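Trainee: Here it is, the structure, as structure tokens.
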Amino acid sequence: MRIAIYCGANGGHDPVFKKAAAGLAAFLARQRIGIVYGGGRVGLMGAVADAALAAGGEVIGVIPHSLMEKELGHTGLTALHVPRSMHERKQMMVDLSDGFIALPGGFGTLDELFETLTWLQLSFHGKPVGLLNAEGFFDGLLAFLDHMRGHGFLKPAHRDCVLVERDPALLLEKMRAFQAPDLGKWIEKMVADER
């Protein structure tokens, strides 16, 4: 089993985020769950890789060629894939993983998170997607998802696909119990609502 971790190439201003990233990675390694991540050696990405490796875990990096050329790639991983584009990177990370966890990060982290959620919504995959809400980092985002649901742009079943916990063990428990929503039923209801 492998979980993709989406997180920042920056460490953020508060060291609590690096601590949460390292704690999650070490926990997954102890559970014998491999990690797939963006392949970087800096920021939260580096903290994830280093902590998992130190705990004896499998760590697979996927970093685009352009970033590898800038010497941002981690060279001490179990495996490092270097696709040509960001699109290939994201597809490879999805293909190599059985689930996804987002940690604090910036635009890239949110891009990966929302693309993965969109693919889940459209049944391109049926894998669980979680947020490790360290220090309430994602509270504002979660409130906005509720806002989207309240205005009818996000079905309740799809809002419920975003699994959230502050504790890695509880998040993993939710992910193991996850059942993807049925796209066919969602489309039928959407069509019926339009009539």
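Trainee: Identify all residues within the stretch 59-81 that are surrounded by fewer than 19 Cβ atoms within 10 Å (Cβ to Cβ), in contact with a Leu (Cβ under 9 Å, 6 or more places away or on another chain) and touching a residue at least 40 places away in the same chain (Cβ under 8 Å); write none if there are none.
Mentor: Thr78, His81
Trainee: Separate question: It is to be established whether one or more residues within the stretch 8-21 are within 19 Å of Asp95 (Cα to Cα), of a type outside the set (Lys, Arg) and within 14 Å of the chain's Cα centre (by Cα).
Mentor: No - not one qualifying residue is present in the stretch 8-21.
Trainee: Moving to a separate point now. Please determine, by comparing only the residues of the stretch 123-175 that are within 23 Å of Arg32 (Cβ to Cβ), free of Cβ contacts under 8 Å to residues at least 24 places away in the same chain and touching a strand residue (DSSP E or B) at 6+ places or on another chain (Cβ under 9 Å), which one is most open to solvent (accessible area, probe 1.4 Å).
Mentor: Glu173
Residues are listed down the side, and each one gets a yes or a no for (1) out of contact with any Leu (no Cβ under 6 Å at 6 or more places or on another chain); (2) among the hydroxyl-bearing types (Ser, Thr, Tyr); (3) at pLDDT 95 or above:
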residue	(1), (2), (3)
Leu103	no, no, yes
His147	yes, no, yes
His151	yes, no, yes
Lys155	yes, no, no
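Trainee: Could I ask something else about it? May I ask you to list the residues in the stretch 115-143 that are aliphatic (A, V, I, L, M) and either more than 20 Å from Pro168 (Cα to Cα) or assigned to a strand (DSSP E or B) (or both)?
Mentor: Correct list: Leu120, Leu122, Val129, Leu131, Leu132, Ala143.
Trainee: Let me ask something else about it. Condition first: at pLDDT below 80, open to solvent by 80 Å² or more (accessible area, probe 1.4 Å) and under 16 Å from Lys127 (Cβ atoms). Now tell me which residues in the stretch 176-195 satisfy that.
Mentor: Passing the criteria: only Asp182.
Trainee: Here's a check for you: in the stretch 30-44, which residue that is at pLDDT below 95 and not small (Gly, Ala, Ser) is surrounded by the most Cβ atoms within 10 Å (Cβ to Cβ)?
Mentor: Restricting to residues being at pLDDT below 95 and not small (Gly, Ala, Ser), the top hit is Arg41.
The values are calculated or read from the model by the stated rules, or taken from the named source; none is laboratory data. Predicted model, so just to flag it, every value in this text is computed and none were measured. No Cβ is skipped: glycine too gets one built from the backbone with ideal geometry, and neighbour counts run over all protein chains shown. Please note that ligands, DNA and RNA were not included when accessible areas were found on the heavy atoms of the full protein model with its side chains. Shrake-Rupley method; radii C 1.70, N 1.55, O 1.52, S 1.80 Å.
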